[in-house]
Each structure stands twice: as structure tokens, then as C-alpha cells.
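These notes are about the structure you will find just below.
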Amino acid sequence: MKIHNIKYLLIAAFVLVFSACDPIVDEQQLTNSTDVAGVNLTVAHSTPGGNKITLKMDTPGVTGYWDYNLGKALTNEVTVVYPIPGKSTFTFIGTLGGEFFSKTIDVQIDKLDTRLDQDWYDLVSENTVAGKTWVFDGAAGTGAMFWFMSPPDNPDSAMSAWWNAGDCCPPLDVSGKMHFDLNGAANYNHYETAAAAAEKGSFVLDPTNKKLIIQNSKILGYEAGNTANEYNIITLTEDKLVLYVPRSLKDPGTGWTFVYKPQ
């Protein structure tokens, strides 16, 4: 009997010990500090209707980032020299505390009175509305280096040709062209041949990171491009554009280099 009593006491003691070790969970759920309507977005022009603008989200308790179409700013306030005249829509993406949201603000830009980064003018010309057309800087059978295999994953070696493919085996759109302009948007057109209809899209130019991104269309020489349609800018001047992909669709083990001139 004593043994049974001792056994029951030990079991009871273990239950008490483990019950005491159970954590006390204080479940706290995130709550919103406001609703979407309460998020205040503002824009300030450096000059009336000018293209240097400051986008700001100034509601306490809300955090997020700005998508200003040509890039993103991971902050509540950003100043941008915007290259496109007309009405543009900018988006703030953030959290109210308990849920994510997005909200937009429309901005009217009447004049480009603050000069853009020089890369914009080199790509689309000083007449940003009319824009600029680029073609390959060479032709097949001439020995020109305008579309060639290069070492992978190294923009510094973009001009080191492993194989001058354009000379013997040019791309399908070797006689085509591509056009960039800022007529109400960052417009991009690809033409398979000089007389072909345009495949319309848009583009993002990132002068800081030396990137050119083509959206909803394709680059001239697209067979050797990449899935992201994102290109390293090796050279961009008024009369020369050199792009590079670290890994090419034509041969994933290599890079590829594209050389263009204005039409």
C-alpha cells in the first residue's frame, strides 16, 4: 500500500512540475493605426509645374516605400528629377500596422526645367518627346563587332569577344531598329526590320546602377538577351550604346555584348 501511495505522489509531483513550466502566452495581434483613406500623400514641386518633385507620406504609424515608375525609394520621402512631362501616377506601398496597402497620387509635370542625368539625353536625345532610334553598329560579313559572345558574369570583360557571332550568324532582327522616347511615358518600340510594325513596350533607365530594362517588348538582338530583359550599360554616349548580359539565352554559359549606333 505504501508503495502505491508513493507512486501516486510521484505522479502528482511530475504533473505539478510540468504544469508550472507551461509558458504563459500573451497573444497580441497587430492592429492598424489608420485606414487607407487616412494615409496622406503629398507632392511638392521645386518650381510650379516643374519636374523636380518631392513625394512624401506623412501619416504617423505608417511605413513603406515609393514606386516612382522609374525606380523605388525605400523611404517615406523622396526627391526625384522626373524625365516625363504630363500627368504621372506614383504609388506608395506600405503597412498600416496590421495589413499591407498601396495608394497612389497623380502629379502633373508641365516642364522639364531641371536638367536630367546626361544618360537620358544620350539615350533619347535632347528632344525627349521625339526620341531617338538605335541600330546595330555594323553588318554581317564585314568583321564588325556588334553582336558577340563574351565572358560571363563580368561587365568589365564585355568587350572581350569569345565569338563574333554577328559576322557569320547575325540575329533575326539584324536589319531592325529600336526607338526610345519620353512622350508622355518611357516609350520603347522594337522593329524586327526597318519596315516592320513596332512591338510597343516601355523601358526603365537606371543611370545610378548603369542598367537598362525593357518591358513588354524585346531588345534589338533579343535572341541573345535574357529572361529579365535587363542589361548592363557598358557605354552610353550621344553616338554609341553598348549593352551586356552576364548570362545569355543563346548560351547560358556565356555573356553577350550588343553594340549600337544612332540611326
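The values are calculated or read from the model by the stated rules, or taken from the named source; none is laboratory data. What you are looking at is a predicted structure, and each value in this text was computed from that prediction instead of being measured. With ideal geometry, Cβ positions are generated from the backbone for all residues, glycine too; neighbour counts draw on all protein chains shown. Surface areas here come from the heavy atoms of the whole protein model, side chains and all, with no ligands, DNA or RNA. Shrake-Rupley method; radii C 1.70, N 1.55, O 1.52, S 1.80 Å.
Below are the figures for this structure:
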| item | result |
| --- | --- |
| Theoretical gain in end-to-end length, residue 31 to residue 104 [0.36 nm per residue, Cα-Cα removed] | 24.0 nm |
| Rounded FRET efficiency, nearest 0.05, which uses the C-beta distance separating residue 195 from residue 43 and R0 of 51 Å | 0.75 |
| Cα centre as origin, Lys/Arg/Asp/Glu Cβ charges: the stretch 155-231 dipole, Debye | 160 debye |
| Reference-scaled alpha-carbon Rg (2.2 N^0.38 Å with N residues) for the stretch 36-109 | 1.07 |
| Cα centroid of the stretch 188-231 to Cα centroid of the stretch 37-114, whole Å | 26 Å |
| Cα centre as origin, Lys/Arg/Asp/Glu Cβ charges: the chain dipole, Debye | 420 debye |
| Å² of accessible area per residue within the chain, as computed with a 1.4 Å probe and no ligands counted | 53 Å² |
| Carbon plus sulfur fraction of accessible area for the chain, probe 1.4 Å, in percent | 55 percent |
| Efficiency of FRET between residue 111 and residue 154 - r from beta-carbon atoms, R0 41 angstrom, step 0.05 | 0.45 |
| Label point distance in nm, residue 251-residue 121, each placed 7 Å from Cα along Cα→Cβ | 4.0 nm |
| Listed residue (102, 187, 164) projecting farthest to the positive dipole end of the chain, Cβ model | 102 |
| Hits among lysines - C-alpha to C-alpha of residue 210 under 20 Å, sequence gap 8 or more where chains match | 72, 132, 218, 240, 261 |
| GNM top mover of 83, 152, 60 - the chain, alpha-carbon springs below 10 Å | 60 |
| Additional length obtainable on full extension of the chain from residue 209 to residue 142, 0.36 nm per residue less Cα span | 20.8 nm |
| √(5λ) per eigenvalue of the Cα gyration tensor, the stretch 78-212, largest first, Å | 35, 20, 15 |
| Solvent exposure, largest accessible area first (probe 1.4 Å, DNA, RNA and ligands not counted), of 179, 190, 45 | 45, 179, 190 |
